[in-house]
Amino acid sequence: MRKLLLYLVVVSVGAIYTGRLSYLQIFNEEKKATNYLNDSAIKKEYSYPQRGYVYDRNGTLLVANQPSYDVMVIPREVKALDTLEFCKFLRITKEDFKKRYDKAIGFSWQVPSVFVAQMAKKDYAFLQEKMHRYKGFYIQKRSIRNYQTNHGANVLGFISEVDNRDLKKNPEYQSGELIGRTGIEKSYENELRGTKGIKHIQKDIRNKVLGSFENGIHDKLPVNGKDIQITIDAKLQAYGEKLMVNKRGGIVAIEPATGEILALISAPTYDPSLLVGRKRSKNFNIMHKDSIRKPMYDRGLLAQYAPGSPFKTLNALVALQEGVITPQTTYTCHHGYIYGRSGRKMGCHCGSGKRNVINGVAKSCNAYFANAYRQIISKYDSPREGMNVWSDHIKSFGLGDYFGNDLSTGRKGRIPTGDYYTNNYFKHNKWHVLNTISNAIGQGQVELTPIQLANMTAAIANRGHYFTPHIIKQIDGNPIDNPHFTEPKHTTIDKRHFEPVIEGMHEVFSKKKGGTARNLNVEGIEICGKTGTAENFVKIDGERTQLTDHSIFIAFAPKENPKIAIAVFVENGYYGARWAGKISSLMIEKYLKGDITLEYMEKLVLEKSLEEEYAKPLSGEPFTINE
């Protein structure tokens, strides 16, 4: 019995020791595997992937990569050095050295951070031979963007180093890494950036390299970012930017059948290569502080304008849908629309006479659309109810809200409701349709961005539906299959109501019918469009001042099976046909034909500058007001 008991004790103790040793070994291994990243004896060396390439819709390479070299620092490993000599090599001052070194210490004593970013290849070749003198500093190779185009800066966007906010939000990033800030670089950051590789090097207490940690089982190779193809037509984009030189505004062109954005132009713009390399910060600061020209402000997506007369097309469609007019309904224009007890007058340049929906659109008759709008609102028991119904119809064209598109920025615009007027202007709910009559002609409280106006035009071209505007076409050779982009969104307007409005837009280009764009025809292309002029107010020295009107134009072509829908805004451009209309016709011809036959028109647009108009708030010159 004693022998058996002794045997059991020995076996039990042995089992306990064996289990404990196994547990400690496994636990320690797991702990080591978990905590090795925090071990100061393990040096992490990162290898950065190539960022994905960017191509246009036709396969033209827009953005590639080029090698760049960052000087990195690990403050804990820095030894005494000849600071003046090192600063000379780095082309920085001694004061810069101290600021950068203090910043590195503030970031981390033992984790590497960027000391000097994006050195040129020639500087790297010279400095590499001398880096052994400067303990704690080393050179990290990366790739930065190499632009194959000097156009589309607002589309392509730019990348820059992550900051503290980025690091808190995205722990997978390290100091010195690059992240997309605007444009497709931001929208498709996850696809473009790839995955960085890592090597773990073990050192002894004397900081001597012993070799790869645990035979490299924790190491990872870099995975390059995915190439993407965007919907932009690079030639059309470049041409549009050329036409907008010395002008301010935005152009957006969309393929109606898909919602693909063909051109997204903001003027003034800049060469995207200005935000690459060591001069990036200097160039960024110059452009960012330019509060007059605003070259980094994407007017195509962010600028909210009164849409002017192009908005009349929607009022016609809503009036037809609500049954308050028919295509045959006429109103007489007496050089404008007189309304209210005081006999206020909304002037009109259509020439006066009887107007129906077709020639009302073609001649842009204010009186016709004021009457039609009034009938819509007055159909209901209260103007508040009527406005809410009207607003719902208008919003069905994608207006007054974000599209949920894949663009990096945007604004909602504004489509007012009856509730909006009651809450903001008429607290006691005592108001009349005439208080909002300016909405009839795209003024008042209505505001749209150029991309919203282009999408509205695409919906009209499609006779009642649109596809969410988007800029991605393929990722790594795979076409997009996102239903948000590929499934149509339908408006509240029946298809049959679009034909008279489209016919009116077609007659806009008719000389025989006296259309407002009768001199902007393109031979061989049936274009449907609408001119627009919008009042332009700003505050100067605290006073609301009316400046020269904006020039606006929308169009699609061809009339049947349209291939392009476009919206053009030219700030301070006088009236619709003067600048926006000409640019629209040229853009349509460029896209559909490839060559320009309207050479006289092109010459005029290219040679004309509106800079004098933009200088008037400072020069004191009078503004041109279209009465």
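Here are a few things to note about the model shown:
- Ile201 more than 30 Å from Thr548 (Cβ to Cβ), surrounded by fewer than 17 Cβ atoms within 10 Å (Cβ to Cβ) and free of Cβ contacts under 8 Å to residues at least 60 places away in the same chain: no
- Within segment 497-512, residues that are within 17 Å of Gln328 (Cα to Cα) sit with their Cβ atoms under 6 Å from residues that are charged (D, E, K, R), at 6+ positions apart or across chains, in these pairs: Phe498/Arg463; Met505/Lys530; Glu507/Lys513.
- Each residue in segment 315-338 was checked for being open to solvent by 30 Å² or more (accessible area, probe 1.4 Å) and aromatic (Phe, Trp, Tyr), and 1 of them qualify.
- Pair list, Cβ under 7 Å, 6 or more apart: segment 585-603 residue within 21 Å of Met505 (Cβ to Cβ), other residue acidic (Asp, Glu) and surrounded by 20 or more Cβ atoms within 10 Å (Cβ to Cβ): Leu586/Glu602; Tyr591/Asp233; Leu598/Glu589
- On inspection, Ile139 fails the criterion of being in contact with a Lys or Arg (Cβ under 6 Å, 6 or more places away or on another chain), assigned to a strand (DSSP E or B) and among the hydrophobic types (A, V, I, L, M, F, W, C).
Residue-wise test of (1) more than 21 Å from Glu45 (Cβ to Cβ); (2) of a type outside the set (Val, Ile, Thr).
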{"position": "Met72", "(1), (2)": "no, yes"}
{"position": "Pro75", "(1), (2)": "no, yes"}
{"position": "Asp82", "(1), (2)": "yes, yes"}
{"position": "Cys87", "(1), (2)": "yes, yes"}
{"position": "Ile92", "(1), (2)": "yes, no"}
{"position": "Asp102", "(1), (2)": "yes, yes"}
{"position": "Phe107", "(1), (2)": "no, yes"}
{"position": "Ser113", "(1), (2)": "no, yes"}
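Yes/no matrix, rows are residues, columns are (1) modelled with pLDDT of 95 or more; (2) open to solvent by 50 Å² or more (accessible area, probe 1.4 Å); (3) under 19 Å from Ser309 (Cβ atoms):
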{"site": "Asn482", "(1), (2), (3)": "no, yes, no"}
{"site": "Glu487", "(1), (2), (3)": "yes, yes, no"}
{"site": "Thr492", "(1), (2), (3)": "yes, yes, no"}
{"site": "Lys495", "(1), (2), (3)": "yes, yes, no"}
{"site": "Pro500", "(1), (2), (3)": "yes, no, yes"}
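- Selection status of Asp406, in a loop (DSSP other than H, G, I, E, B) and either crowded, with 17+ Cβ neighbours inside 10 Å or at pLDDT 95 or above (or both): yes
- Residues of segment 98-138 that turn out to be among the charged types (D, E, K, R), over 19 Å from Leu84 (Cα atoms) and in contact (Cβ under 8 Å) with a residue 24 or more places away in the chain, as a count: 1
- Those residues of segment 416-462 which are open to solvent by 10 Å² or more (accessible area, probe 1.4 Å) and either of a type in the set (Asp, Glu) or closer than 30 Å to Tyr297 by Cα (or both), in sequence order: Thr417, Asp419, Tyr420, Asn424, Ser438, Ile441, Gln443, Gly444, Gln445, Glu447
Residues are listed down the side, and each one gets a yes or a no for (1) over 27 Å from Gly418 (Cα atoms); (2) at pLDDT 95 or above; (3) under 37 Å from the mean Cα position of the chain (by Cα); (4) among the charged types (D, E, K, R):
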| site | (1), (2), (3), (4) |
| --- | --- |
| Ile338 | no, no, no, no |
| Arg344 | no, no, no, yes |
| Val357 | no, yes, yes, no |
| Ser364 | no, yes, yes, no |
| Tyr368 | no, yes, yes, no |
| Ser382 | no, no, no, no |
| Met387 | no, yes, yes, no |
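- One residue from Thr533, Thr516 being touching a His at 6+ places or on another chain (Cβ under 8 Å), within 21 Å of Arg578 (Cβ to Cβ) and polar (S, T, N, Q): Thr533
- Taking helices (runs of 4 or more DSSP H) as the structural unit, those lying wholly within segment 295-381 and holding at least 1 residues that are farther than 16 Å from Ser391 by Cα and basic (Lys, Arg) correspond to 299-302.
- Among the residues making up segment 513-533, a single one is open to solvent by 50 Å² or more (accessible area, probe 1.4 Å), within 30 Å of Thr548 (Cα to Cα) and either out of contact with any Lys or Arg (no Cβ under 9 Å at 6 or more places or on another chain) or without any contact (Cβ under 8 Å) to a residue 12 or more places away in the chain (or both): Arg518.
- Just one of the listed residues (Ile564, Ile540) is closer than 20 Å to Leu448 by Cβ and in contact (Cβ under 8 Å) with a residue 40 or more places away in the chain, namely Ile564.
- Any hit, segment 146-168, residues being of a type outside the set (Val, Ile, Thr), open to solvent by 10 Å² or more (accessible area, probe 1.4 Å), assigned to a loop (DSSP other than H, G, I, E, B) and modelled with pLDDT under 90: yes
- Condition met for Ile502 (part of a strand (DSSP E or B) and not acidic (Asp, Glu)): no
- Per-region count, segment 219-276, residues small (Gly, Ala, Ser), farther than 16 Å from Thr149 by Cβ and open to solvent by 30 Å² or more (accessible area, probe 1.4 Å): 1
- Considering Lys363, Lys345, Lys395, the condition of being among the charged types (D, E, K, R), open to solvent by 20 Å² or more (accessible area, probe 1.4 Å), within 18 Å of Thr533 (Cα to Cα) and out of contact with any helix residue (DSSP H, G or I) (no Cβ under 9 Å at 6 or more places or on another chain) is satisfied by Lys345 alone.
- When the criteria are applied in full, Thr182 meets the requirement of being modelled with pLDDT of 95 or more, out of contact with any helix residue (DSSP H, G or I) (no Cβ under 7 Å at 6 or more places or on another chain) and open to solvent by 20 Å² or more (accessible area, probe 1.4 Å).
- So His465, is it within 27 Å of the chain's Cα centre (by Cα) and open to solvent by 50 Å² or more (accessible area, probe 1.4 Å): no
- In the set (1) under 17 Å from Thr436 (Cα atoms); (2) within 35 Å of the chain's Cα centre (by Cα), the condition left unmet by Ser378 is number (2).
- Which listed residue is farther than 30 Å from Gly351 by Cβ, hydrophobic (A, V, I, L, M, F, W, C) and touching a Gly at 6+ places or on another chain (Cβ under 7 Å), from Ile292, Ile230, Ile265: Ile265
- Residues in segment 442-455 that are in contact with a Gly (Cβ under 7 Å, 6 or more places away or on another chain) and either among the small types (Gly, Ala, Ser) or not in a loop (DSSP other than H, G, I, E, B) (or both): Gly442, Glu447, Leu448, Pro450, Ile451, Gln452, Asn455.
The values are calculated or read from the model by the stated rules, or taken from the named source; none is laboratory data. Computed from a predicted structure; not experimentally measured. Reconstructed Cβ throughout: ideal geometry from the backbone, glycine too, with neighbour counts over all protein chains shown. Please note that ligands, DNA and RNA were not included when accessible areas were found on the heavy atoms of the full protein model with its side chains. Shrake-Rupley method; radii C 1.70, N 1.55, O 1.52, S 1.80 Å.
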